[in-house]
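Each reported figure results from applying straightforward, stated rules to the coordinates on display, with no laboratory input. Quick caveat, the model's predicted, so the values are computed rather than measured. All Cβ positions, even for glycine, are placed from backbone atoms using ideal geometry, and neighbour counts span all protein chains on display.
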Amino acid sequence: MQKIGVFVCWCGSNIAATVDVAKVIESVKAIPDVAFASDYRYMCSEGGQDLMQNAIREHGLTRVVVCACSPRMHEATFRKAAEAAGLNPFLLEIANIREQCSWVHKDKEVGTEKAIALAKAAIAKVRFNSPLQAGQSEVVKRALVIGGGIAGIQTALDIAEAGYKVDLVEKKPSIGGRMSQLDKTFPTLDCSACILTPKMVDVAAHPNVTIYTYSEIEKVSGYVGQFEVDIRKRARSVKADLCTGCGVCQDKCPSKKTPNEFNQGLDNRSAIYITFAQAVPKVPVIDREHCLKFQTGKCGICEKVCPSKAIDYTQEDEIITQKYGAIVLATGFETIDLTKFGEYQYGKSKDVITSLEFERLTNAAGPTEGHLQRMSDGKQPKHIVFVSCVGSRDVSGRGKEYCSKICCMYTAKQAMLTREKYPDTDVTVFYIDVRTPGKGFDEFYRRAVEEYNVHYIKGQVGKILEQGDHLLVYASDALSNSHISLEADMVVLATAIQPSQDAKKLATMLTASIDNNNFFTEAHAKLRPVESPTAGVFLSGVCQGPKDVPETVSQAGAAAVKVLGILSKDTLATNPCVASCNERICSGCLACENVCPYGAIGGEEKTVINLNGKREQRVVSVVNEALCQGCGACTVACPCGAMDLNGFSNKQITAEVDAIC
Amino acid sequence: MQVNEKEQAAEIVRRSGTDISKCMQCGKCTAACPAGYKMDIQPHRVVWELINEHVDVLQKAVTPWKCLSCFACAERCPRGVSPAALIESVRLSIIRQQGENCITVEEIPAYIDEKMPQQAIVAAFRKYNK
Amino acid sequence: MQKIAELIKKEAESLLKENKVTAVWAWQPGEFYYDNSPVCFTAPEQLDKLVYNEFCPSNLGKYLMAGSKKNETMAVFAKPCDTYGINQLIKDHRIKRELITVIGIPCSGMIDIKKIKNQGVKGIISVSVSGDDVIVTTAYGDKNFKKSEVLLAKCMSCKGSDYMIADKELGEKMEVKCQKLNPEDGVKKLEAMTSQERFAFWQQELSKCIRCNACRDICPACSCEQCIFDNQEAAVAGKASANTAEEQMFHIIRAYHVAGRCVGCGECARVCPQGIQLGLLNTKFAKDINEFYGKYQPGADDDSKAPLVDYKFDDVEPTISAKGVR
Amino acid sequence: MLESEACENTNYNPLIVAFCCNWCSYAGADGAGTARKSYPANIKIIKVPCSCRVNPLFVLRAFLRGADGVILCGCHPGDCHYTSGNYYTRRRMKLLMSTLSYLGIEDGRMRVEWVSAAEGNKFSETMNSFAETIKSLGENVKLRDLRCKK
């Protein structure tokens, strides 16, 4: 008979307020093989762990059940503690009486009853737990960073600096991301390019970093320490090793009517183009959709003018397959589509623009070379209206329910910079709330109001009409309870941001989860904010949630540290909860092989001892424990029950079912 | 029977079927309101007054009689609140309490001119023909 | 059929004489004329006992399993319907394809002796068939029947005269001539009933079960080393039929385990001593699979992926308002 | 007779077993807890690594032992932590549910729902609605093994 120890945590009042802990103890003590039961205010504290360890030693406990918070929280903590006391860590089970009991039930009697039932189910299960030994798997000492914005660049640099190889994959022709499009950064007003470009150069020059631009992730397989990734390196049609980046090709290219993505479509670019002056690598790409050579077969001017013979129309996409120990997602963001916000006339009036377009308009490298002018007539606007929360905090289905976080600050920045450069231009900002939590943020916003006389109105814009050469803005002033209308020359919409469209595809490939808004989910909102729930996959930057540059850089560094934690090890302990096949019963139908998502099961002709104790030769399933991830698909496909899963065996689950019903 | 303002406010909100706790006083409704310039209490302020259970001031205001029931406020509200429904509910509270109306249905044709939107005419007949 | 029996005998003789195989699986007469049973011949001189007539319904495929483990070369005679089961056994790695020689033999339908006996016929000595005429010679004289009226139920829903696997085919192909039955008709009839009626039907039907396991033993898809019902670890063990609920579970679980692998041979229902309409359960699964995931005939090949170990991204969702569920 | 027992218990509190996959639905259940989104206490959760670990036998076992409802929750199709586990679940459970109905068991005693780790709200809503369904169906008398009932 087992000697089971049961420990019930109060979690302060989190559990104890809804669960009568003493009654749970009393009930489980009545179970014959429960040798010890005790409660503690905080089981996860040192005192609680000591209590458990002492009980294991003193009472010779062979199994332990901890009734506490979710196993997702502290299962590892308690298992480690049990191991330190000499018990195999897999002989411990958690009864989740907090998240799945005390926090969802209000009545104490009901809560107590359920806690007892959950404890009994865990006890029933733990009786059939068997000691498991974690195996070892090798770690590939190379990291993959997906996304070449400031988040990806910083993560890659940090990993490379620590001495590990890292590949940086960027979808666009150049690294740099959103930050390379910005003019200045708040709250210090540094020039964005001035602080970003050196980093771009650093990462490109670093011997440990390989950059794949104009490339996308095609396929991911494997697991932490041993990911195998296919990268599709799209054909640039330009030989990167020969190109000097002189730019003659783009000057001479006759196809110059393609909206320039880098300038948010405010101007046009040629079909062969270098994204921007500081692009890394400074190698153009041919946009085959708009290239005359590719579309009509006639042209080939770039090839003729290229002094270094770098143009190659025959280049094809290349698939690079590489193994990685860890992967960092840094896929960034884009602004939301504003077609549902007809009242702003965005897309109808050229003078209604998004704030990202405004960044390009004020950027010295932008379409107007930094001169603030209207896209309609090139005149300098005399009155600019900024509208915040366009599509943010919106539950109507038109926008996003979350706060995009960065808009208040960049709006203050844009308003302030406008007033500084063009003192004769009036600036009005419509806001719902001005949110400035951050170092120097509120001071920055107040400066905009106090020193630069930016006119902040709490209210929203309800309708914009084009009237002659200016815009008529109907708005509200919520504080004065009035309905106002004013004339403006330009309206800037602080558009909500959303994760990059690629996030969902990548989430599926990496089996990393995403939330309802397509932001990647962290393993724990507070304690594991840069880890995805999938081991070995980490999150950096806005792909996890809205962030400004400093926050992004901090998270990028944090993600790098987590990667280093893996790469610095030679081997990782594998999950011992893998499938195992009872060869005596296995009939060799190999249904298991068919359903295994990891190719971890194969049929082998073996001499086995049959149920009558005789040797015989037949096909049986063999599980490769290094490849098995423990999903259990095979156990159900197996008709005779020969295939079982460690840690979630047929007997364990059935015992739980029996205990509950 | 005189009921207190608190209960009255709760009744008005209940009847409107809108969740005023969702309102974040952004003023989008007011900005979108085509009749806002004639109102003494702007749509967002109507919500605010109801949150604070000020029914008296709403019943004495001209706002309930100026709302066109075009529902632009509800359409534009980022939080799914309907000030129009609240205003309608306030108006009903006045009518039901006092048996009064701002104008009678017979008086409406005199107000109609060519510029008046169809919706406003229909809304006016609907509102005053109780 | 007599002519084919001769062909079979000759073929078996040459296979054994030339040492092409070490064993030949066929049928031999039983105690009565109508209960021929499977037999394994290992020498040409044993072949006198070989028989093939309208009373050889059993599929010999499953008998090859033991020899396959010992790497014996074997030949097996297989009616068209038997070839489905043999394929399934090969697919389940219970028989090694390279060890066996499958010889397809034509069949015009097997006779259900119960149907004859139910007509009050006693003391049967022999049965002779010519075309649609069946003459039953009894101790009390001859009785005449139409073959199409005394066929086994499974033959009335014959899948055709083609062999799904055959290294050699003997004789001319034959057809079963009768009013064909679609096994899905029974399922549809049940589906059209109310939930309460269906429950009552199955209670009645499954309560007849005596857990003799005949259905399991005959089934070409039930080829496990150890059945899950005999596996103490599996929590469903228990040979005794304790009550209705457990009997229900036995047949549900058995049907579920063979879902997508059941070739629809109808042997389970044939051998059931209690006459439980097991086909209604297995056909329901087959029908559902066909409807939900596209047509699939287990045993038609030996390498396709069975529906339950396969998926499509846009499979139907398990909602309760689905088609076929009332 | 079985039918008569359905009415014996007036204060009916159905017993429900919920199988939840570790990566999505169990985390979703935790999310419901963290957000204090309540659901009936008679729903007891069994954690499995993936919904594809749930053998129809476990479901039948629960019914045999007297569970009034069984609900299986997994990651949304396409989001399985193990890539394809829930696709198998979908087929297996679809067939099982169809068969249970065919056997005359009330539709709705068993349910499959996809609940992601981020859907704490959905988890609680699903559980509340399932408990309501089971309440309206009454006790599971058809599949219950009386011998096992405590």
Item to check | Positive-end extreme of charge dipole, the protein assembly as shown - chosen from C:N118, C:A78, C:A153 (charges on Cβ) | outcome: C:N118
Item to check | Dipole magnitude of the protein assembly as shown, debye to nearest 20 (Cβ charges: Lys/Arg +1, Asp/Glu -1, about Cα centre) | outcome: 1220
Checklist entry - Zone of B:K22 (label point 7 Å along Cα→Cβ, backbone N under 17 Å): which residues in the stretch A:369-396? => result A:391-396
Checklist outcome for this item: Any trypsin sites (Lys or Arg not before Pro) in the stretch A:38-121 that lie in a DSSP loop and have at most 16 other Cβ atoms within 10 Å would be A:R41, A:K106
Checklist entry - Quick one: if you stick a label point 7 Å off each Cα along the C-beta vector at C:Q196 and C:N19, how many nm between them? => result 7.3
Item to check | Lys/Arg +1, Asp/Glu -1 at C-beta; the protein assembly as shown dipole; positive extreme among A:G370, A:A412, A:C101 | outcome: A:C101
Item to check | Over the stretch B:28-130, volume per residue of the alpha carbon convex hull, in Å³ | outcome: 97
Checklist outcome for this item: Cα gyration tensor of the stretch A:579-645 diagonalised, 5x eigenvalues square-rooted, in angstrom largest first, produces semi-axes 20, 11, 9
Next on the checklist: Averaged over its residues, how many other protein chain Cβ atoms are within 10 Å of peptide C:252-259's Cβ atoms?
Outcome noted: 5
Next on the checklist: Give me the three principal axis extents of the stretch A:336-498 from the C-alpha atoms, as integers in angstrom, largest value leading.
Outcome noted: 36, 35, 33
Checklist entry - If r is the Cβ-Cβ distance from A:K569 to C:E317 and R0 is 41 Å, what FRET efficiency results, to the nearest 0.05? => result 0.45
Checklist entry - How big is chain A by the Kirkwood estimate over distinct Cα pairs, in Å? => result 29.0
Checklist entry - So what are the radius of gyration and Dmax for the Cα set of the stretch A:474-607, in Å? => result 25.2, 89
Next on the checklist: Taking the Cα centroid of the stretch B:1-61 and of the stretch D:87-124, what is the distance between the two, rounded to the nearest whole Å?
Outcome noted: 45
Checklist entry - Suppose every K and R has +1 on its Cβ and every D and E has -1 on its Cβ; what is the size of the dipole of chain C about the Cα centre, in Debye to the nearest 20? => result 480
Item to check | Sequence-distant residues sharing a close amide H with A:D426 (under 5 Å, placed H) | outcome: A:H383, A:I384
Item to check | Lys, Arg +1 and Asp, Glu -1 on Cβ, resulting dipole of chain B about Cα centre, debye, nearest 20 | outcome: 340
Next on the checklist: Taking 10 °C and 1.306 mPa s as the conditions, I'd like the Stokes-Einstein D for the stretch D:29-142 in µm²/s, using the Kirkwood hydrodynamic radius from alpha carbon pairs.
Outcome noted: 108
Item to check | Under the Debye formula (equal points on every Cα, no solvent term), log10 I(q)/I(0) of the stretch A:248-305 at q = 0.18, 0.23 Å⁻¹ | outcome: -0.57, -0.91
Checklist entry - Label point 7 Å out from A:A17 along Cα-to-Cβ: which residues of the stretch D:15-39 have amide N under 16 Å? => result D:33-38
Checklist entry - Can you give the alpha-carbon Rg of chain C over 2.2 N^0.38 Å, where N counts its residues? => result 1.04
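Return the Rg/Rh ratio of the stretch A:298-398 with Cα-based radii and a Kirkwood Rh.
1.14
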Item to check | Under the Karplus curve 6.51 cos²θ - 1.76 cosθ + 1.60, θ = phi - 60°, whole-Hz ³J(HN,Hα) for the stretch A:361-370, x wherever Gly or Pro sits | outcome: 5, 9, 7, 4, 8, x, x, 10, 6, x
Item to check | Cross-link partners of C:K49 among aspartates and glutamates (Cα-Cα below 17 Å; sequence separation of 8 or more within a chain) | outcome: C:E6, C:E11, C:E13, C:E31, C:D35
Checklist entry - Projected onto the charge dipole of the stretch A:248-305 (+1 at Lys/Arg Cβ, -1 at Asp/Glu Cβ, origin at the Cα centre), which of A:L266, A:H290, A:C302 gives the Cα projection farthest towards the positive end? => result A:C302
Item to check | Exposed GluC sites (Glu not before Pro) absent - longest run of chain C, DSSP non-H/G/I/E/B, at most 15 other C-beta within 10 Å | outcome: C:176-326
Checklist outcome for this item: Using eta = 0.692 mPa s and T = 37 °C, Stokes-Einstein with Kirkwood Rh from Cα pairs puts D for the stretch A:215-339, in µm² s⁻¹, at 199
Checklist entry - Quick one: if the Förster radius is 41 Å, what FRET efficiency do A:E83 and A:D337 give, using the C-beta to C-beta distance and rounding to 0.05? => result 0.20
Checklist outcome for this item: In the stretch A:422-524, the trypsin sites (Lys or Arg not before Pro) that sit in a DSSP loop and have at most 15 other Cβ atoms within 10 Å of their own Cβ are A:K439
Item to check | Shape category assigned to the stretch C:56-213 from the gyration tensor of Cα positions, a/c cut at 1.5 | outcome: oblate
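To the nearest 500 deg cm²/dmol, what mean residue ellipticity at 222 nm is calculated for the protein assembly as shown from DSSP H runs of n ≥ 4 alone, each contributing -39,500 (n - 2.57), summed and divided by the residues?
-9500 deg cm²/dmol, from helical runs alone.
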Checklist entry - Under a 5 Å amide H to amide H cut-off, with H placed in plane at 1.01 Å, what residues pair with A:V619 once short-range neighbours are removed? => result A:K606
Next on the checklist: Once you place label points 7 Å from the Cα toward the Cβ at A:H455 and C:Q179, how far apart are they in nm?
Outcome noted: 9.3
Checklist entry - Computed over the Cα atoms of the protein assembly as shown, what is the ratio Rg over Rh, Rh following Kirkwood? => result 1.05
Next on the checklist: Could you list B:H54, B:H44 so that the one with the fewest beta carbons within 10 Å of its beta carbon is first and the one with the most is last?
Outcome noted: B:H54, B:H44
Checklist outcome for this item: Here the residues of the stretch D:73-97 lying in the modelled label zone of C:E291, meaning backbone nitrogen under 12 Å from a point 7 Å along Cα-to-Cβ, are D:95
Checklist entry - Taking GluC sites (Glu not before Pro) that fall in a DSSP loop and have at most 10 other Cβ atoms within 10 Å as cut points, what is the longest piece of chain A between them? => result A:370-661
Checklist entry - How far apart, in nm, are the 7 Å Cα→Cβ label points at C:S148 and A:N610? => result 4.6
Checklist entry - How are the Cα pair distances of the stretch A:117-273 distributed, in percent, across 5 Å bins from 0? => result 2, 7, 11, 14, 16, 13, 9, 7, 5, 4, 3, 4, 2, 2, 1, 0
